[in-house]
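Enquirer: Quick one: structure below, then a few questions.
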Amino acid sequence: MKLKYIFCAACLATAMVFTSCEKDEIDRSTSVIIDSDHVENDFDRWLYHELVLPYNIEVKYRYEDIESDMDYQLVPADYQKSVQLTHLMKYLCLEAYDEITGSKDFMRSYFPKMIVMTGSAAWQNNGSRVLGQAEGGRKITLFEVNEMDPTNIALLTEQYFHTIHHEFAHILHQTIPYDPSFDQISGSMYRGDNCFDYYSNSDALAQQDGFITAYAATEGAEDFVEIISMYVTNTPEYWENVMATAGDGADIIERKFDIVFDYMNDTWNINLNTLRDIVQRRSVEAEDLDVDDLTVPSDEKPEEIPLS
């Protein structure tokens, strides 16, 4: 399954190509281009200590063709921006589930094993851009990392963390299926790949038909995980406002939510209200997080770190 979140733009005015005949020396310790003998740096050591060892998750921030989407012209992710985004992803996504489950075992078992960071957005022919996509529960790709503002948690949540929570919810329901009666609530109302066109890319219009977002109208499984992701990454006030303005759609969304809530609670022992409280609290706390710190305790620093 391949999930893409697309943000529309008015136009892409001019495409510019810069070339140079000079060969510059590359600092291999921080280079964003991978080569066969790149030098291990502080970020590599931090990633090994903070993500590989506890979660078995690999973050690829150096550009690799094999992990890139060849449908787009992309640029490498900036080193420092990659550090900052990884800190926030760990704090707002991985550790939020650690807190509610009581250990890192849950995320180590089920979370995708690879995060790929790319510097630019994936621009499409219609002027829209893809900022995040996930494939088969194995890999999540985050685009436009070079433009991210580590102080704008709300925008980062919309662009990145919503996608991460969404994809993780897919893994959970693919591991243990949810009640099939969920898909029957909206039945023939699902629009497939035409969902954005049908609702003019408007979540408000989709909510009137009982979908929490326009993308939720794709199919039952997307509807199911969108409810989880939108619920935990938004405030209670947001949810109440949706219910107040969705008209007849509010009852449909609430019926779906009851099934989603029971599934997460009964199957995974995760109370969505508690998880939402954790995510929202951490979103506020993240404003004081040192997203540039790469300190690794000296007594835990491995002597030799294998690099892919």
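Enquirer: Given the condition under 21 Å from Cys93 (Cβ atoms) and touching a strand residue (DSSP E or B) at 6+ places or on another chain (Cβ under 8 Å), answer yes or no: does some residue in the range 194-214 qualify? Walk me through it before giving the result.
Expert: Within the range 194-214, the first condition is being under 21 Å from Cys93 (Cβ atoms), and the residues that meet it are 212-213.
Next, only the ones that are touching a strand residue (DSSP E or B) at 6+ places or on another chain (Cβ under 8 Å) stay: none.
Within the range 194-214, not a single residue is under 21 Å from Cys93 (Cβ atoms) and touching a strand residue (DSSP E or B) at 6+ places or on another chain (Cβ under 8 Å).
Enquirer: For Ser186, state whether it is of a type outside the set (Lys, Arg) and assigned to a loop (DSSP other than H, G, I, E, B). Before you say what the answer is, go through the steps one by one.
Expert: Numbers: of a type outside the set (Lys, Arg): yes; assigned to a loop (DSSP other than H, G, I, E, B): no.
Considered against the rule, which asks whether it is of a type outside the set (Lys, Arg) and assigned to a loop (DSSP other than H, G, I, E, B), Ser186 comes out as no.
Enquirer: Here is a check on your reading of the model: is Val291 open to solvent by less than 30 Å² (accessible area, probe 1.4 Å), touching a residue at least 24 places away in the same chain (Cβ under 8 Å), of a type outside the set (Phe, Trp, Tyr) and more than 25 Å from Ile176 (Cα to Cα)?
Expert: In short, yes.
Enquirer: Pick from the range 144-158 the residues that are surrounded by 16 or more Cβ atoms within 10 Å (Cβ to Cβ) and of a type in the set (Asp, Glu): which of them is nearest to Glu285 (Cα to Cα)? Talk me through it step by step, then tell me what you get.
Expert: As a first pass, look at the range 144-158 and keep what is surrounded by 16 or more Cβ atoms within 10 Å (Cβ to Cβ): 144-146, 148, 150, 153, 156-158.
Narrowing further to those that are of a type in the set (Asp, Glu): 144, 158.
Values: Glu144: 24, Glu158: 17 Å.
Within the range 144-158, the match that is nearest to Glu285 (Cα to Cα) is Glu158.
Enquirer: Of all the residues that make up the range 161-185, how many are modelled with pLDDT of 90 or more and either in contact with a strand residue (DSSP E or B) (Cβ under 8 Å, 6 or more places away or on another chain) or within 18 Å of Tyr91 (Cβ to Cβ) (or both)?
Expert: Step one: of the range 161-185, the residues modelled with pLDDT of 90 or more are 161-162, 164-166, 168-185.
Now drop any that are not either in contact with a strand residue (DSSP E or B) (Cβ under 8 Å, 6 or more places away or on another chain) or within 18 Å of Tyr91 (Cβ to Cβ) (or both), which leaves 161-162, 164-166, 168, 170.
Looking only at that region, the number is 7.
Enquirer: Further, regarding this structure: Tell me which of these Arg276 doesn't satisfy, since it passes every other one: (1) open to solvent by 60 Å² or more (accessible area, probe 1.4 Å); (2) of a type outside the set (Gly, Ala, Ser); (3) under 30 Å from Tyr178 (Cα atoms).
Expert: With (1) open to solvent by 60 Å² or more (accessible area, probe 1.4 Å); (2) of a type outside the set (Gly, Ala, Ser); (3) under 30 Å from Tyr178 (Cα atoms) applied to Arg276, the lone miss is (1).
The values are calculated or read from the model by the stated rules, or taken from the named source; none is laboratory data. It should be emphasised that the depicted structure is a prediction, and the values quoted were computed from it without experimental measurement. No Cβ is skipped: glycine too gets one built from the backbone with ideal geometry, and neighbour counts run over all protein chains shown. These accessible areas exclude ligands, DNA and RNA; they are computed on the full protein's heavy atoms, side chains included. Shrake-Rupley method; radii C 1.70, N 1.55, O 1.52, S 1.80 Å.
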